[in-house]
Each structure stands twice: as C-alpha cells, then as structure tokens.
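Take a look at the structure set out below.
The values are calculated or read from the model by the stated rules, or taken from the named source; none is laboratory data. Predicted model, so just to flag it, every value in this text is computed and none were measured. A quick note on method: Cβ atoms are made from the backbone with ideal geometry, for glycine too, and the neighbour counts reach across all protein chains shown. Ligands, DNA and RNA are stripped out before the accessible areas are found, and what is left, the full protein with its side chains, is counted by its heavy atoms. Shrake-Rupley method; radii C 1.70, N 1.55, O 1.52, S 1.80 Å.
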Amino acid sequence: MAQTLLQQLKMQRHWLPNSVLQSIMITLLDYGAGNVRSVINAIEKLGESVKVAQFSREILAAEKLVFPGVGSFGNMIHILNQKNYMEPLRAYLKEDRPFLGICLGLQALFEASEEAPGLAGLGIFKGCARRFNIQRSVPHIGWNGIQFKQSSKLFNGLRGDEKFYFVHSYYVDPIESDVAMTTTDYDIEFVSGVQKGNIIATQFHPEKSGAAGLTLLKNFIQKDRTLVSPTIQKTETALAKRIIACLDVRTNDQGDLVVTKGDQYDVREKGAVRNLGKPVELAHRYYKEGADEITFLNITGFRDFPLEDMPMLEVLKQTSKTAFVPLTIGGGIQDYTDKDGRRYSALEVANEYFRSGADKISIGSDAVAIVEAYLRTGTKTGKSSIEQISKVYGNQAVVISIDPRRVYLSSKDEVRHPVIETKITGPKGEQYCWFQCTVKGGREGRDLDAVTLAKVCELLGAGEILLNCIDRDGTNLGFDLELINAVKRAVRIPVIASSGAGCAEHFQDVFEKTDVESALAAGIFHRREVPISEVKAFLQGKVEIRPCDQ
Ligand code: 1PR
C-alpha cells in the first residue's frame, strides 16, 4: 500500500541516528518571510544552537520547535502548503511535542484568519484570527503588558509587570477559552498567548522584548522549569509610548561608515561630514540605555544601491546580535537597475534587509513618487514598493519616512494643499502654511503635502509613519506639534514624531499634546546631552512608558 507523505516522514525520523536527534536542541521553522535572524540570534545569545528546518522531515525530527511567523497569514499558509510543511507540523503538534509559536506562528495554530478568508490554518485550536476593529491605531505596535490566565514554565523569573513587543493587526479569538495563557488590553482585551500541554505561542515577540523576552525564551529552552505564576497580576495592561533612537548613517569623505547628524538636514560642519560614532556601537549603547526601538537611516541611500555595497546589511547583522529590540532600516528602498542592466525590485532590496535583521523597512523618496503616480491615475497598481512589500511582509513592516518642510502663505486659499493656521508665524509674519514633501534628503521639494502623502500611503498598505521635520531637525526646539497633529489626525496607522527634541520635557509635550504612539530623537542622544534613561525617568508617572530596567 502506498505510504502517505506523513508516514514517509515519520519513518525518516526513526532512521535518524540518536546522536543527530540529541544534538538538535532547537529547530527553527523558517518559511522564508520576515526576520528569523533575530530569533536565531536571541537563542544563540542564550547559549543554544539552532537548526533551521529546510525540509519537512526536519520538523518531525525536532526536539523543540520554534515557529516565528512574520508577514501575512495568506502568504504564510501558501508557503507552508507549497513546502509540504502543514502535515508534518500538524503531526508534531498533535503529539504534544515542545513548540513555541511567535506572532503569525500563534495565528497559524487556529482554523482560519480574517486576513485570508477561505484558507485553512493548522486547526490545532478552534477559532480564528480577527482584525482589530477598534478606535485606536491599527496595527497595534509597541510594548504592552500581559495578564496571566494560566501558570506556565515560561513565566519563571518574571515579576509580572514587564512589557513585551507587539506588532500585529489581527488577534486570535479561541473558542475554547481555557487555552488562553495571557491576555492584553488594546481597546479590547485579546488573547496574547496560548498554552496547551507543550504547545505554547505568543502574539508578542520575545526575541524583540529585551531582557524580559530573553528570560521567556530561556524558560522555553531549559528542561528543568516548572509551572509558575508571576507575583504581580495586572488587571489591565497599557501600551507604552515608545522612545526611539535614530541613527542617520552615511559614508564620510574618508570612506568610513559613520553616524552623522544634520542641522535641518545639513550634515556637514566646516565642509566635513559630522562623525558622531560607529553605527553598531551606538546602537548597542542605545539598546542598553533602554531604547524601545532603533532606526537606521542610510541618508544617501537614494543615490547608493544597498545591494551593491553591503555595509548597511552588515550593520544590521551585527546590531541584531546584541540589540533585542525592533530594528528599522531606511534608505534606498526602491526599484533599481545596476550598471550591468540588471533590475532589482524594491521587494528584493527589502528581502535582504529583513534577512539581515530588520523588522521594518522605511521608504522615503520612493513613497513620494508612488503617491504622485497614484494621484495622477487614481489607481492602485499593486506594483509599488509599498504594496509589494506590505503584501509579503505585512503592513506593519512598512514605514513611510516623510521629510516635510513648511511653506508659508499669507492666505488660506493660495494652494490646493491642506493649509493650517499656524502659531509659528513665517518670516514675513505669515499665519498660514502647508507641509511640503521633499525627496533626496530634503534637496528637492515636490508639489505634494505631507498629509496627503500619509493618507495615500496608508491606503496602499503602509503600517506606520515616521514623520520628520526639516525645519526642526537638529534645532533642539522641540517637535513641530502642528505638523504632527495635522498628519496624525488624517491617518489610522501609528505615527512616530521626529525632529527637534532638545530635552525630556519635549517628549512629554509631544505625548500630551498629540496622539502619536512614539517619539524619535537623534542629536541629544548621540551627543549625550539627554540620555534615553533620563527621558524615561522624567516621563515615569506622567506618560505610560516601558521602564529602562526591563
Ligand atoms: O529617500 O528612501 O532613500 O530614504 C532616505 C532616508 O534618509 C529618509 O528617511 C530621510 O528622512 C533620511 N535623510 C536623508 N537625508 C537626511 C539628512 O539628514 N540629510 N535624515 C536624512 C533624516 C531626520 C531624522 C533625524 C531626526 C531627529 N534625518 O531621522 O534623525 O530629525 O533629529 P534630531 O533629534 O537631532 O532633531 P530614501
């Protein structure tokens, strides 16, 4: 009688010599989308070796299986089917063998997802993944807490008030409520972790959740852990406002890759590119100091080709080995034809960044071109970098970096762009302005405003806006609250306020006077004028934050 695929695979497991089975401690299921490097780095940091499963038989041979899902549910299930991973995965799970699912790796355990109607998940748990239908910004991005619904071996060493990093638009809705391990509040209380026997999965990313996340991963890896419940039991959890450190990176005149910093985007001082340190070292420092996220912007990316000269990829690879918080990379993410005529799509460039350790990519100049084309034609082509990358990696992975500059007007009706009445009057006392988009690092102004750009990018699938401000960049005068409010009110996706931070009070201001989810700064951190820890100590008790000691 012909053997089923599963029977064949089971036979193969028995054929593997014991010595091989014993040495494979953690097997990681990489189906090819998203940042699995961070999970590998985190496990290796804990002293464990990782085998990446490339064949379905390796799933059944695993002693402990980690499944970090990133991207969209539909794309994930298609690839799992294509690679014949579904059957061995189901078999592994039905045998109740040690399993840790992360993010989509949690959602995959359920029967279906509203993200891809008609496509069956693994069906280990009854229920499906639903899209957030709430007032607050979607995706749910950032550090939030967990309430404990079951004791678990994962909780050894946790106090109970730690925050973990989430990034998702869908949450699981189990029919059997006893599988819930943790819940989290974000307008609604949703299940953020499940556990049944040896099968555990979290919606949040332990590998991106600093020391608390590493503790959790260590507990999964260790054999001797018992079921425990943390002492602090939250009755409600809250999303923290994120403090992000930004590193503008470029090659200086000596050919070294350096972190630089501009004043209103001019990074030269006495003719030379300012050198504020080495990217990997600075990023490591910011991780240690409590940064909730780290952003690298290759500021000359628009004229370089990232895949030709790889230093930024190396920066990511190195940083992701020691910084266990989300990493964003921007600069040069667009279609490109090299000198030999070979064409690379923006998606291919992004693939390299994700595989090197990036969790999100940021698109600047290309977003302006995409929106200009969309406004001309009124149609979505499905071919733009925003659409293609968000389709494969999910909306949450696509950040739009906007570089706007104020254009002052004497009256409201001079332009067809959204105009605001401003308290920061122009050089000639003008009381109105609009926010003009620029490209190529502020060198070129376009006939497009930041509010429209943000709205169209959201429509095309972007998951977050990084809102810079050329007028405030490097000035230490505080964030441009008028610009931030104008953009934030126009979109439902999270917004990162950027440019102008000069002291801790400026962060309080931006969080209290606008609804942004996070604030980014560069100069004050690089020059050690106000360390991240000082910003957080100042905000403690005033604004919900993730304390530095987590
Ligand atoms: O256009 O997709 O290749 O991306 C290029 C990226 O590089 C864009 O995200 C663009 O914002 C960035 N960029 C280009 N030129 C510069 C420059 O400074 N000459 N930097 C530049 C943008 C602004 C912020 C800065 C904040 C905070 N830098 O990232 O870190 O303003 O600074 P502050 O706290 O010191 O005020 P593409």
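Yes/no matrix, rows are residues, columns are (1) at pLDDT below 90; (2) within 30 Å of VAL167 (Cβ to Cβ); (3) out of contact with any Gly (no Cβ under 6 Å at 6 or more places or on another chain):
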residue	(1), (2), (3)
LEU6	yes, no, yes
LEU16	yes, no, yes
MET25	yes, yes, yes
LEU29	no, yes, yes
ILE40	no, yes, yes
LYS45	no, yes, yes
GLU48	no, yes, yes
LYS51	no, yes, yes
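LEU158 passes every criterion in (1) open to solvent by 10 Å² or more (accessible area, probe 1.4 Å); (2) touching a Lys or Arg at 6+ places or on another chain (Cβ under 9 Å) apart from (2). Of all residues in the range 168-188, those satisfying the criterion of being among the β-branched types (Val, Ile, Thr) and open to solvent by less than 40 Å² (accessible area, probe 1.4 Å) are VAL172, VAL179, THR182, THR183, THR184. Any idea which of ILE470, ILE496 is assigned to a loop (DSSP other than H, G, I, E, B) and within 16 Å of the ligand (Cβ to nearest atom)? The match here is ILE470. Taken over the range 441-467, the residue count meeting the criterion of being under 24 Å from the mean Cα position of the chain (by Cα) and not hydrophobic (A, V, I, L, M, F, W, C) is 7. For GLU414, the conditions (1) within 14 Å of the ligand (Cβ to nearest atom); (2) modelled with pLDDT under 95; (3) of a type outside the set (Lys, Arg); (4) open to solvent by 50 Å² or more (accessible area, probe 1.4 Å) all hold with the exception of (1). The residues of the range 474-495 that are among the acidic types (Asp, Glu) and surrounded by 23 or more Cβ atoms within 10 Å (Cβ to Cβ) amount to a single one, ASP480. For LEU104, the test of being in contact (Cβ under 8 Å) with a residue 12 or more places away in the chain, within 21 Å of VAL70 (Cβ to Cβ), surrounded by 16 or more Cβ atoms within 10 Å (Cβ to Cβ) and among the aliphatic types (A, V, I, L, M) is passed.
Please determine whether any residue of the range 384-406 is acidic (Asp, Glu), in contact with a Cys (Cβ under 9 Å, 6 or more places away or on another chain) and within 16 Å of the ligand (Cβ to nearest atom).
First pass over the range 384-406, keeping only residues acidic (Asp, Glu): 387, 403.
With the extra rule that they be in contact with a Cys (Cβ under 9 Å, 6 or more places away or on another chain), the set shrinks to 403.
With within 16 Å of the ligand (Cβ to nearest atom) added as a condition, the list becomes 403.
Looking through the range 384-406, at least one residue is acidic (Asp, Glu), in contact with a Cys (Cβ under 9 Å, 6 or more places away or on another chain) and within 16 Å of the ligand (Cβ to nearest atom).
If you go through the range 341-369 and keep only what is touching a Leu at 6+ places or on another chain (Cβ under 7 Å) and open to solvent by 10 Å² or more (accessible area, probe 1.4 Å), you end up with TYR344, GLU352, ASP359. Could you identify the single residue in ARG443, ARG355, ARG376, ARG406 that is more than 30 Å from VAL325 (Cβ to Cβ) and either modelled with pLDDT under 95 or hydroxyl-bearing (Ser, Thr, Tyr) (or both)? Checking each option against the conditions leaves just ARG443. Within the range 244-255, not a single residue is assigned to a strand (DSSP E or B), within 26 Å of ILE40 (Cα to Cα) and open to solvent by 20 Å² or more (accessible area, probe 1.4 Å). For the range 92-101, a residue qualifies if it is open to solvent by 10 Å² or more (accessible area, probe 1.4 Å) and either under 15 Å from ALA201 (Cβ atoms) or touching a residue at least 12 places away in the same chain (Cβ under 8 Å) (or both), and the qualifying residues are LYS94, ASP96, ARG97, PRO98.
The set of residues from the range 446-473 being open to solvent by less than 30 Å² (accessible area, probe 1.4 Å), touching an Asp or Glu at 6+ places or on another chain (Cβ under 8 Å) and of a type outside the set (Val, Ile, Thr) comprises LEU448, LEU460, GLY461, ASN468, CYS469, ASP473. The listed residues are ALA212, ALA180, ALA238, and the only one of them that is out of contact with any Pro (no Cβ under 9 Å at 6 or more places or on another chain), away from the ligand (no atom under 16 Å from the Cβ) and either at pLDDT 95 or above or more than 21 Å from LEU28 (Cα to Cα) (or both) turns out to be ALA238. Scanning the range 525-543 for residues that are within 14 Å of the ligand (Cβ to nearest atom), surrounded by 22 or more Cβ atoms within 10 Å (Cβ to Cβ) and not aromatic (Phe, Trp, Tyr) yields ILE532, VAL535.
For the range 417-445, residues that are open to solvent by less than 20 Å² (accessible area, probe 1.4 Å), part of a strand (DSSP E or B), away from the ligand (no atom under 16 Å from the Cβ) and of a type outside the set (Phe, Trp, Tyr) total 1.
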